[in-house]
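Participant: Here you go, one structure.
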Amino acid sequence: MKTFTILGLLLVLVIVTPTFILAQSPLPKEGSGANTSYFTGTLKSLPMGQDLVAITYEVFGVTTNDAGQGFFHNVSSRCVGGLSVVKGEWDNEQGMCVFVDGDGDQVFVRYSAGSGRLGAVAKGKSTLAGGTGKYTGLTGTYEWTRTALRPTMPGTTHAVMKATFTYKLP
């Protein structure tokens with residue numbers, strides 16, 4: 001029985017592995033598209049009286065390309081950022097993210113957002129600022145809309161983000 005199980009697993013690997021490798025096509029030198037990200041993380045706040053709060057956060061997420069393949073498909077991410085809040089309105093949000101693909105290659109992103117009400121939909125722009133491996137020398141833009149979700153407990157944050165992007169490689 002053990003021999004059949006091992007042979008069955010080897011057969012699956014022999015059939016599936018070449019299909020997976022062949023499905024991985026090289027990334028075009030430039031392109032555009034749309035993706036969806038899901039983030040969760042922690043935040044820290046520094047209240048200053050009744051009306052002022054400084055917030056920093058660290059979030060982790062997963063992103064899929066809406067086309068089901070290509071740039072920004074099945075990548076994980078880590079972002080750190082911060083913002084100021086005055087009377088429930090935030091402004092000057094900015095931060096940086098690292099997106100990591102299945103090969104371990106990284107995309108570096110710098111982002112900023114204008115202003116809005118805490119908990120409301122936020123819009124922002126990002127700059128693709130390089131990367132490692134196949135993303136070395138990457139440039140481009142990334143425009144996003146983020147919807148905050150109700151936190152599971154105090155000090156946490158969760159969001160869904162829809163984005164469009166353009167990129168260029170050297």
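The values are calculated or read from the model by the stated rules, or taken from the named source; none is laboratory data. Computed from a predicted model, the values in this text were never measured in an experiment. Heads up, the Cβs are rebuilt from the backbone with ideal geometry, glycines too, and the neighbour counts pull from every protein chain shown. To get the accessible areas, we keep the full protein, side chains included, count just its heavy atoms, and leave off ligands, DNA and RNA. Shrake-Rupley method; radii C 1.70, N 1.55, O 1.52, S 1.80 Å.
Participant: Cα centroids of region 98-119 and region 127-156: how far apart, whole angstrom?
Facilitator: 2 Å
Participant: Using the Cα atoms of the chain, I'd like the radius of gyration and the largest Cα-Cα distance, Dmax, both in angstrom.
Facilitator: Just the Cα atoms of the chain yield Rg and Dmax of 19.8, 70 Å.
Participant: Could you please state how large a percent of the accessible area of region 79-170 is carbon and sulfur, counting protein chains only and using a 1.4 Å probe?
Facilitator: On the way: 2800 of 4900 Å².
For region 79-170, the apolar C and S fraction of the accessible surface comes to 57 percent.
Participant: Rounded to two decimals, what is Rg over Rh for region 28-92 when you use alpha-carbon atoms and the Kirkwood radius?
Facilitator: A ratio of 1.17.
Participant: Right, here's the next one. On average, how much accessible surface per residue is there in the chain, in Å², for a 1.4 Å probe, leaving out ligands, DNA and RNA?
Facilitator: Per residue, the chain has an accessible area of 62 Å².
Participant: May I pose another question? Could you name the lysines whose alpha carbon sits less than 26 Å from that of Lys87, not counting residues in the same chain fewer than 8 places away?
Facilitator: Here the lysines satisfying the reach criterion relative to Lys87 are Lys44, Lys123, Lys125.
Participant: Run the paramagnetic zone check for Val62: 7 angstrom along Cα to Cβ, then residues of region 97-114 with backbone nitrogen under 15 Å.
Facilitator: Counting only backbone N, you get 100-102.
Participant: For region 46-143, what percent of Cα pairs sit more than 17 Å apart?
Facilitator: 57 percent
Participant: Moving to a separate point now. So what's the convex hull volume per residue for the Cα atoms of region 88-170, in Å³? Mind dumping the intermediate values first?
Facilitator: On the way: hull volume 8.7 nm³, N = 83.
With only Cα atoms used, region 88-170 gives 104 Å³ per residue.
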